[in-house]
1. Can you tell me which residue is farthest from Gly286 (Cα to Cα) among those in segment 344-382 that are among the small types (Gly, Ala, Ser) and surrounded by 22 or more Cβ atoms within 10 Å (Cβ to Cβ)?
2. Does Pro543 satisfy the criteria of being under 16 Å from Gly367 (Cβ atoms) and within 28 Å of the chain's Cα centre (by Cα)?
3. Being in contact with a Leu (Cβ under 7 Å, 6 or more places away or on another chain) and more than 30 Å from Gly268 (Cα to Cα) narrows it down to one residue among Ile604, Ile588; which is it?
4. Can you name every residue in segment 412-445 that is in contact with a helix residue (DSSP H, G or I) (Cβ under 8 Å, 6 or more places away or on another chain), among the charged types (D, E, K, R) and touching a residue at least 60 places away in the same chain (Cβ under 8 Å)?
5. Mind listing whichever residues of segment 72-94 are among the hydrophobic types (A, V, I, L, M, F, W, C) and closer than 28 Å to Ile487 by Cβ?
6. Test of understanding: among Leu117, Leu86, which residue is under 20 Å from Ile4 (Cα atoms) and in the same structural domain as Phe143 (by TED's automatic domain parsing)?
7. Out of segment 238-252, which residues are in contact (Cβ under 8 Å) with a residue 12 or more places away in the chain and more than 21 Å from the chain's Cα centre (by Cα)?
8. What residue, among those in segment 563-583 that are assigned to a helix (DSSP H, G or I) and loosely packed, with under 13 Cβ neighbours inside 10 Å, is nearest to the chain's Cα centre (by Cα)?
Amino acid sequence: MGRIFAAASWRSRKGRSFRADTIVESMAAGAGGTGGGMNIITVSDDGVAAAGLIPGGRNFISGVSQEDHGRAIISFLGAMPGLDDLFQDEGLDIRKDTGANLIVLYRKYNEAFLEKLPGMFCLAIYDGDRHELLVAGDRNGYFPVYYVNTPEGVAFSSLIEPLTSLNIRKGIDRSSAVEYLFFDALYGSRTFYSDILLIPHGGWLKADTAAGTITSDTYFSYEGLFDISKYNENRNIDAPSILTEKMRESVGRIVGSRDENDFGLMCGGGVDCSYIGGILRGDKPGIPMFCTSVVDGDVSEEDMGRETSERLGSDFRAGYLPQRKYYPLLLKSILDFGQPIAHPNLARFYIIAELTASAGRSEQILGVASDLLFGGQANVRSFYKYLRLSKLVSFLPAKLRRLMVIAAGRQDTANLELRLRNPLHVLASAGMGNLERASARSSILEAVSGIADKNERAVKMLMIENLCDYQQHLLNRRYAMSAGQGIGLWFPFLDMEVVKFAINLPVRHCIDWKTSKKVVRKAAAPYLGGGLASRAKWGGDIPVDRWIAPLSWLLKGGFLQQQLDFDPVRLAPLLSSQRKLLWNMLDIELWGRLCLFGQDPEDILTSIRKNGLECDSYESVLK
């Protein structure tokens with residue numbers, strides 16, 4: 001996967017310590033762009049801005065170029081099927097440099113031109129006539145763009161690590177740590193670093209180099225796709241057939257005229273990737289399946305994936321992750337992402353990346369996003385059941401219902417709610433302190449307000465909130481890990497036609513009391529049979545009790561204790577009974593040690609061995 005970089009100095013500070021060209025060169029080198037692997041960095045004719053690129057794979061378009069003798073420069077990267085059609089519709093010559101055509105569109109439509117761009121992308125354009133540097137990412141936020149704003153200028157990078165090499169304060173954003181414990185993700189522009197921010201999905205940022213100011217906005221939102229008339233029209237449609245039609249088109253846009261011998265399907269037997277496997281089997285039968293199986297895991301993902309491949313008649317290959325190899329890969333995943341990774345399973349990616357590389361299948365298709373789009377998140381069905389049960393007691397007075405909820409709940413939960421000076425439901429509406437989340441929640445509520453049934457409206461709202469909360473972070477973690485592995489990742493469920501269909505699909509097609517992702521399971525049944533299509537995918541995860549819990553000693557005298565006043569003695573009983581919280585704490589601890597304290601990963605692994613756990617060296621996973 002490629003990476004872009006850009007920087008601009010404030011004109012009032014030009015010629016001082018912040019030199020845009022030097023900054024971009026430094027960031028690119030820090031991201032692996034040395035040794036001739038990066039395109040030549042381009043610098044604007046006024047010296048104010050610079051842009052650079054580490055190219056992506058051959059199936060991604062990318063470029064760095066100048067126009068008007070350096071008055072305008074651009075760096076871009078992406079997979080944008082249909083871009084030539086857009087250029088032709090705009091009267092542009094498709095034989096001309098892609099970057100030049102993008103600059104023309106920007107000058108014609110300003111930042112609104114982003115609404116016209118298809119697919120996944122990130123780009124940086126500096127226009128010297130306007131003294132403006134525009135930087136943007138795609139609608140789903142797959143290609144992340146992080147940035148720092150300093151008194152001398154602003155710098156952007158697709159990875160966090162190059163920004164940490166600049167002269168900034170490397171400190172933790174405490175509020176982000178709290179939000180992570182709430183949601184497993186950070187919403188909006190915040191990162192775990194106090195001085196590094198992220199351009200949210202569907203967003204853009206513009207730096208006015210003359211004024212020394214930054215403005216930002218969005219050109220896309222998921223709730224903006226919602227159309228109440230379309231939603232109501234879809235109540236009685238044959239949703240599985242329509243989904244399959246749209247997914248076949250999506251897969252076609254991904255593989256299309258590209259060499260199918262470059263592609264593989266990452267699949268451990270879940271319904272989402274298996275469904276894609278069925279579609280591929282009909283259109284591109286030569287694409288094999290790959291999976292990582294956790295050695296000594298509670299359930300074998302290899303067995304589930306192999307059962308799917310036998311049903312589809314596809315080639316299947318599995319790699320294996322033993323405990324000794326897990327620990328160095330866990331540290332590598334945190335270093336690659338530059339932030340806590342939220343899920344201990346992500347280290348499995350490196351096993352499958354090695355497997356696919358050895359097979360010459362550098363482009364991998366994933367079933368990512370189906371859970372978020374079609375109600376597969378566990379909280380959706382739980383909320384659905386809660387609302388159904390609430391109807392049974394709706395005749396009771398509101399105060400009595402509240403007392404019943406308190407009486408049926410945990411004592412410590414009631415204690416907290418009664419101590420809050422702002423009621424919990426008010427804090428929820430305020431984004432639990434993240435006002436970007438609060439604004440998005442209000443926007444989503446307004447978008448779905450036309451759904452007549454209040455319970456249906458509430459469930460649909462939660463589904464869109466889940467998409468906004470988690471999708472970009474799930475993608476950004478995968479991007480950061482794949483960027484250094486030479487693997488391209490493709491997501492058929494995130495095709496905008498599929499996303500639009502999902503946003504406007506009534507709840508009844510997605511969940512009921514017993515089933516989640518109903519539409520996906522019904523669409524998959526013709527390919528997989530009813531048994532595999534309805535199978536719940538349990539297992540395949542890292543065994544937290546056996547692999548993670550034994551690391552709890554890391555919390556004594558470490559980053560959390562020094563930086564966040566964590567008391568390992570008083571909180572030990574809580575963590576011993578709450579494995580999820582223990583993992584979250586260890587995730588932050590390891591990130592702090594590696595990325596803020598700069599501790600050598602081999603030193604951490606040596607300590608792990610001294611505490612009785614077998615693990616490989618860090619160097620062994622870098623080969």
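1. Gly375
2. Spelling it out, it is not the case that Pro543 is under 16 Å from Gly367 (Cβ atoms) and within 28 Å of the chain's Cα centre (by Cα).
3. Within the list Ile604, Ile588, the selection yields Ile604.
4. The answer is Arg437, and nothing else.
5. Correct list: Ile74, Phe76, Leu77, Ala79, Met80, Leu83, Leu86.
6. Leu117
7. Once the filter is applied, which keeps residues that are in contact (Cβ under 8 Å) with a residue 12 or more places away in the chain and more than 21 Å from the chain's Cα centre (by Cα), segment 238-252 yields Ala239, Pro240, Ser241, Ile242, Leu243, Thr244, Lys246, Arg248, Glu249, Gly252.
8. Checking each candidate, the answer is Lys580.
The values are calculated or read from the model by the stated rules, or taken from the named source; none is laboratory data. Note that the structure is a prediction, hence the values are computed from the model and not measured. Note: ideal-geometry Cβ built from the backbone for every residue, glycine included; neighbour counts use all protein chains shown.
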